[in-house]
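No lab work stands behind these numbers, since they all come straight from the coordinates. Quantities reported herein were computed from a predicted structural model and do not represent experimental measurements. Don't worry about glycine lacking a Cβ; one is built from the backbone with ideal geometry, like all the others, and counts go over all protein chains shown.
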Amino acid sequence: MTKKKLALEIIERLKKEYPDAGCSLEYDEAWKLLVSVRLAAQCTDARVNIVVQDLYDKYPTVEALAEADVDKIEQIVRPCGLGRSKARDISACMKILRDEYDGKVPEDFDALLKLPGVGRKSANLIMGDVYGKPAIVTDTHCIRLANRMGLVDNIKEPKKVEMALWKIVPPEEGNDLCHRFVFHGREVCTARTKPFCDKCCLSDICKKNIR
């Protein structure tokens, strides 16, 4: 089976397994997703979803957060870890949105990459979830599962995994596939325990490159 055919089969099976899979970061405005994805670095989405409630209660708009003292932001986001650098990035990012984009999150990938604290993973998440454009979010689950299943061959660098997946995953499927990788990676193809291959819907086609 070619990698492209393998990808299509994985996509179809995971669709049936996780029909409603979506972003586990909770948000109702694009800028809030931008904040949450920065806080999610080395932190669980569940914790981020709790912490941001206090942040948005105190600073409910881009303008309010842009004007907030970095120390005050840090006090609130500290439970997410790396509080100082995350607070600094969030503050700088909100200032740019306020001053250059009228408080809106840019719809251009390269423009997103220029925002403080925004890398390819975050930019792809915004493009896919907010603007419905083709996107591949290479988080730890995506990288681990793509390697184990044989979609990529021992590639660990996020950008290289992303580029390899673009070649075999239909553009309109990339964003949802990555969300389903997260669900499957948490529930079945786990990182910290032995994967539960016996209950995996992909067991018969997976390359099982498990180390």
Which length gain, in nm to one decimal place, applies between GLU17 and ASP99 when the Cα-Cα distance is subtracted from 0.36 nm times their residue separation?
25.1 nm
Taking a straight Cα-to-Cα line shorter than 24 Å from LYS72, and setting aside same-chain lysines fewer than 8 residues away, one finds LYS32, LYS58, LYS86, LYS95, LYS104
Give, rounded to the nearest 20 debye, the magnitude of the charge dipole that the chain has about its Cα centre when Lys and Arg contribute +1 at Cβ and Asp and Glu contribute -1 at Cβ.
1300 debye
Neighbour cut-off at most 12 other Cβ (10 Å), DSSP loop, chymotrypsin sites (Phe, Trp or Tyr not before Pro), the range 152-211
PHE196
Tell me the angle of helix 30-39 to the major Cα principal axis of the chain, expressed in degrees between 0 and 90 and rounded to the nearest ten.
80 degrees
Spelling out what I want: for every residue of the range 177-182, take phi, set θ = phi - 60°, compute 6.51 cos²θ - 1.76 cosθ + 1.60 (Karplus), and round to whole Hz; glycine and proline get x.
4, 5, 5, 5, 4, 4
Whole Å is fine, so just give me how far the alpha carbon centre of the range 1-67 lies from that of the range 171-211.
18 Å
Gain in length, LYS133 to ASP54, computed as 0.36 nm per residue apart minus the alpha-carbon separation, to one decimal in nm?
25.4 nm
Need the list of lysines near LYS3 for cross-linking: C-alpha distance under 27 angstrom, and skip anything on the same chain fewer than eight residues off.
LYS15, LYS16, LYS121, LYS133, LYS156, LYS159, LYS160, LYS167, LYS194, LYS199, LYS207, LYS208
